[in-house]
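First up is the structure itself, then whatever we jot down about it.
The values are calculated or read from the model by the stated rules, or taken from the named source; none is laboratory data. Predicted, not measured: the structure shown is a model, and the values here were computed from it. Every residue, glycine among them, receives a Cβ derived from its backbone with ideal geometry; neighbour counts consider all protein chains shown.
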Amino acid sequence: MAANHRPAATHCLRGHPLSGDNIKVRLDRSGYLQRSCVACRAIRDAAKKEEVAALTPRRPQLDEKQLRRLLDAHEDGVSKTDLSERFGVSNHAELCALLDEARMLARRAG
Ligand SMILES: [Zn+2]
């Protein structure tokens, strides 16, 4: 009898049943069968998606008028933090990109 023999777990760490449709079996690198919990996998995937979404800068769609207002406010000395809040920008890099866009627009307009 193998010294490290343990009865197979019936539930995963989160308490999902390790049976039926909730179980996925695969071979690990050593050739052992690994059972994994489908529900936990879905949770991990969803968490990963959220994480990626949180890291992706939200770039507000500003129309020309808003871009001009943004630039005006910036030139009036409104702080970047205030500008970000006012225009719904998630970070300073995005704010700078929008300001660049606004400057280009102003230059084009002459
Ligand atoms: Zn689970």
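Brief remarks follow.
- The residue list ALA73, ALA39 contains one member that is within 30 Å of LEU105 (Cα to Cα), of a type in the set (Gly, Ala, Ser) and either in contact with a strand residue (DSSP E or B) (Cβ under 7 Å, 6 or more places away or on another chain) or at pLDDT 85 or above (or both), which is ALA73.
- Restricting the range 20-30 to residues that are within 16 Å of the ligand (Cβ to nearest atom) and modelled with pLDDT of 90 or more, the residue that is surrounded by the most Cβ atoms within 10 Å (Cβ to Cβ): ASN22
- Criterion applied to ALA9, ALA3 was being away from the ligand (no atom under 16 Å from the Cβ), at pLDDT below 95 and not in a helix (DSSP H, G or I), and the one residue passing it is ALA3.
- Taking the criterion of being among the aliphatic types (A, V, I, L, M) and within 27 Å of the chain's Cα centre (by Cα), the residues of the range 24-42 that qualify are VAL38, ALA39, ALA42.
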